[in-house]
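**Q** Can you read through this structure? Questions will come right after.
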Amino acid sequence: MASPFLRMFTLSDELGFRVVPRSFSGVSFLTGPSRFALSSLGCLSVASPGELLVHLCGSDEWSAARARGEIRPPDGADFIHLSAPGQVHLPANRLFRGRDDLLLLHVEPALLDSPVRWEPGVPTDPEAMLFPHLYGRLPVRAVSRVTAYRPGSDGTFAPLDARGQGLP
């Protein structure tokens, strides 16, 4: 007998965009250009056309990516770490505290060829927070803007607003 608590469903629209929530694991994934967003409460909503994701990388990594046309998942990983602008300071402070060569790549989800899955981060992140992971390569053409992401005098990175701008 199937469990009444385990259900999978697919939400799609007439343009072929699909989101497949996986209620049994708390993970959702997108196929096709991203038009959906998962709120911090786990609610699914249609993403606004201007919504963006960001990727942190060093200036040397970005130079190499521009030369080859893409960023590849790191060795041993299946995905590239992305963040919503309001959460990028968490991995920046955890992994890159004090580095002054970081760049924020502003990524347009509609230009990605691979699926983005919203998944839990590390145990120290807020429990309901999910991070976008790109399961494939990040084409340079999907990067709409590159900005420097500098730490404050104490070596920590400040949060960003929804447009990827620094907050006071």
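The values are calculated or read from the model by the stated rules, or taken from the named source; none is laboratory data. Note that this is a predicted model, so its numbers are computed, not measured. We place every Cβ from the backbone using ideal geometry, glycine too, and count neighbours over all the protein chains shown.
**Q** Output the number of residues of the stretch 60-91 satisfying the condition of being modelled with pLDDT under 95 and more than 18 Å from the chain's Cα centre (by Cα).
**A** 2
**Q** Can you name the condition, by its number, that ALA158 falls short on among (1) over 23 Å from ARG66 (Cβ atoms); (2) at pLDDT 95 or above?
**A** The number of the failed condition is (2).
**Q** For VAL54, state whether it is in contact with a His (Cβ under 7 Å, 6 or more places away or on another chain) and in contact (Cβ under 8 Å) with a residue 40 or more places away in the chain.
**A** Yes.
**Q** Could you list, in sequence order, all residues of the stretch 85-113 that are within 14 Å of LEU138 (Cα to Cα) and crowded, with 16+ Cβ neighbours inside 10 Å?
**A** Answer for the stretch 85-113, where residues must be within 14 Å of LEU138 (Cα to Cα) and crowded, with 16+ Cβ neighbours inside 10 Å: LEU104, LEU105, HIS106, VAL107, GLU108, PRO109, LEU112.
**Q** Restricting to the stretch 114-149, and then to whatever is farther than 20 Å from GLY86 by Cα and of a type outside the set (Gly, Ala, Ser), can you tell me which residue is surrounded by the most Cβ atoms within 10 Å (Cβ to Cβ)?
**A** LEU138
**Q** Here's another thing I want to ask about it. Quick check: is even one residue across the stretch 117-135 in a loop (DSSP other than H, G, I, E, B) and modelled with pLDDT of 95 or more?
**A** yes
**Q** Of the numbered conditions (1) buried (at least 16 other Cβ atoms within 10 Å of the Cβ); (2) assigned to a loop (DSSP other than H, G, I, E, B), THR156 satisfies every one except a single condition; which is it?
**A** Among (1) buried (at least 16 other Cβ atoms within 10 Å of the Cβ); (2) assigned to a loop (DSSP other than H, G, I, E, B), THR156 violates only (1).
**Q** Identify all residues within the stretch 123-140 that are touching a strand residue (DSSP E or B) at 6+ places or on another chain (Cβ under 9 Å) and without any contact (Cβ under 8 Å) to a residue 40 or more places away in the chain; write none if there are none.
**A** Selection gives ASP125, GLU127.
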